[in-house]
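Take a look at the structure below.
The values are calculated or read from the model by the stated rules, or taken from the named source; none is laboratory data. A quick note: this is a predicted structure, and the numbers were derived from the prediction, not measured. Cβ: placed from backbone, ideal geometry, glycine included. Neighbour counts: every protein chain shown.
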Amino acid sequence: MRVLVTGGAGYIGSHVVKLLGENGHEVLTYDNLTTGNDWAVLYGTLVVADLADTERLRTVIREFRPGAVMHFAASIVVPESIRDPLKYYSNNTANTLNLLGVLREFAVERFIFSSTAAVYGIAEEIPVTEEAPLHPINPYGMSKMMAERILADLTRADPLFRYVSLRYFNVAGADGGNRIGQAYRESTHLITRALKTAKGEFEKLRIFGTDYPTPDGTCVRDYIHVNDLADAHLRALGYLENGGGSAVFNCGYGRGYSVREVVRAAREVTGIAFPVEEAERREGDPPALIAGNEKIRRDLCWTPRYDDLKYIVRTAWEWERKR
Ligand code: UDP
């Protein structure tokens, strides 16, 4: 199939582009390279352009005629979303709206959306299922929730338009081949920060909050290897191709690790007892997010292959050392 991938030069997008390419799909990546990298696009064509540039987008879609679109392009840093909410509503909500408008013009009817566990906010029940109420506690989660809402309304108005929204939990690790991995200019994510601290790029790793209502007082997250997540996208594509209806799926392993447990794993994998400092809570962080994943296992026949925190950290470490 011809698949248009927005944000295909980014961390998750580039892993999915690789998997699409390996599976014989024709890929066009549409990315403005603000956080992505051209070298990360291992298959297909790269068009460097912005989603806000409707004319350019129209031209690309008119020429490429995608059978499906995977929409990764977004801003994803929770603290930044609190400081600069308009950036998030613009990049994540308005650009999705814009993209959908153009897709409607060309009758592109299959859409796979990168959503997030941040739409749940402080979940009442853990693991959290897809039916749980959505109460995002930061503009990042809210911007994605609004885009999901637009998708739900659109499919209701026109059932020919079908989408899959994948709610990512904490994505980490790298493809074993060491050609792609997380390569943000500024890294805020825990595993990457920990490994960069082990490398000596940072003096110490700060643990944001030690008084959460969790077993050891630090936040708990469900870390999922990027290649398992990439596989979920290919399955979502197959599901839509086979006539599957619009649906939302959690993408996580169904178990959580605390910040302290991640630190321990990072120290063990690297063999470096890098310094940590206990710090204040970071604004916008829910105490715990763990995926209920029965739905994706059942409806997309998705089975995790890398459900192993040390493996995740090891692949991220190999990548980090190579960079
Ligand atoms: N975290 C931390 N120190 C850091 C980076 C993150 O203690 O240097 C914590 C953060 O407060 C959160 C968890 O690690 O509880 C995961 O944060 P991350 O930014 O990796 O992902 P998020 O869950 O915000 O998407």
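When you scan segment 135-144, do you find a residue that is farther than 23 Å from Ile12 by Cα and either more than 16 Å from the ligand (Cβ to nearest atom) or in contact (Cβ under 8 Å) with a residue 12 or more places away in the chain (or both), even just one?
yes
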Q. From the list Ala73, Ala52, which one is modelled with pLDDT of 95 or more, closer than 16 Å to Leu100 by Cβ, touching a Gly at 6+ places or on another chain (Cβ under 7 Å) and part of a loop (DSSP other than H, G, I, E, B)?
A. Ala73
(Q) Would you confirm whether or not segment 157-169 contains a residue that is more than 11 Å from the ligand (Cβ to nearest atom), out of contact with any Lys or Arg (no Cβ under 8 Å at 6 or more places or on another chain) and in a helix (DSSP H, G or I)? (A) yes
Q) Is it fair to say Ala230 is surrounded by 15 or more Cβ atoms within 10 Å (Cβ to Cβ), away from the ligand (no atom under 16 Å from the Cβ) and either of a type in the set (Gly, Ala, Ser) or within 15 Å of the chain's Cα centre (by Cα) (or both)? A) yes
Q: Looking only at segment 171-191, decide whether some residue is over 16 Å from the mean Cα position of the chain (by Cα), of a type in the set (A, V, I, L, M, F, W, C) and at negative phi.
A: no
Q) Within segment 246-283, restricting attention to residues that are of a type in the set (Gly, Ala, Ser) and farther than 23 Å from Leu195 by Cα, which residue is farthest from the ligand (Cβ to nearest atom)? A) Ser246
Q: Test Arg321 against the stated conditions and say whether it is modelled with pLDDT under 95 and over 30 Å from Val3 (Cα atoms).
A: yes
Q | Filter result (of a type outside the set (A, V, I, L, M, F, W, C) and under 13 Å from Thr93 (Cα atoms)) within segment 117-150 | A | Pro139, Tyr140, Gly141, Ser143, Lys144, Glu148, Arg149
Q.
Please go through segment 145-157 and give me each residue that is free of Cβ contacts under 8 Å to residues at least 40 places away in the same chain and of a type outside the set (Lys, Arg), ordered by number.
A. Met145, Asp153, Ala157
**Q.** Hits in segment 88-120 (condition: within 16 Å of the ligand (Cβ to nearest atom) and either of a type in the set (A, V, I, L, M) or modelled with pLDDT under 95 (or both))
**A.** Ala117, Ala118, Val119
Q | Selection count, segment 287-308, where residues are within 16 Å of the ligand (Cβ to nearest atom) and either crowded, with 23+ Cβ neighbours inside 10 Å or β-branched (Val, Ile, Thr) (or both) | A | 3
(Q) Condition first: of a type outside the set (A, V, I, L, M, F, W, C), free of Cβ contacts under 8 Å to residues at least 60 places away in the same chain, more than 16 Å from the ligand (Cβ to nearest atom) and within 26 Å of Ala232 (Cβ to Cβ). Can you find one or more residues in segment 44-61 that meet it? (A) yes
Q: Test each condition in (1) surrounded by fewer than 23 Cβ atoms within 10 Å (Cβ to Cβ); (2) more than 11 Å from the ligand (Cβ to nearest atom); (3) over 23 Å from Tyr140 (Cα atoms) for Lys204 and report the one that comes out false.
A: (2)
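For the structure I just gave you, tell me whether Ala247 is surrounded by 22 or more Cβ atoms within 10 Å (Cβ to Cβ), modelled with pLDDT of 95 or more and either touching an Asp or Glu at 6+ places or on another chain (Cβ under 9 Å) or on the phi < 0 side of the Ramachandran plot (or both). Break it down into steps so the answer makes sense when it comes.
On the way: surrounded by 22 or more Cβ atoms within 10 Å (Cβ to Cβ): no; modelled with pLDDT of 95 or more: yes; either touching an Asp or Glu at 6+ places or on another chain (Cβ under 9 Å) or on the phi < 0 side of the Ramachandran plot (or both): yes.
Spelling it out, it is not the case that Ala247 is surrounded by 22 or more Cβ atoms within 10 Å (Cβ to Cβ), modelled with pLDDT of 95 or more and either touching an Asp or Glu at 6+ places or on another chain (Cβ under 9 Å) or on the phi < 0 side of the Ramachandran plot (or both).
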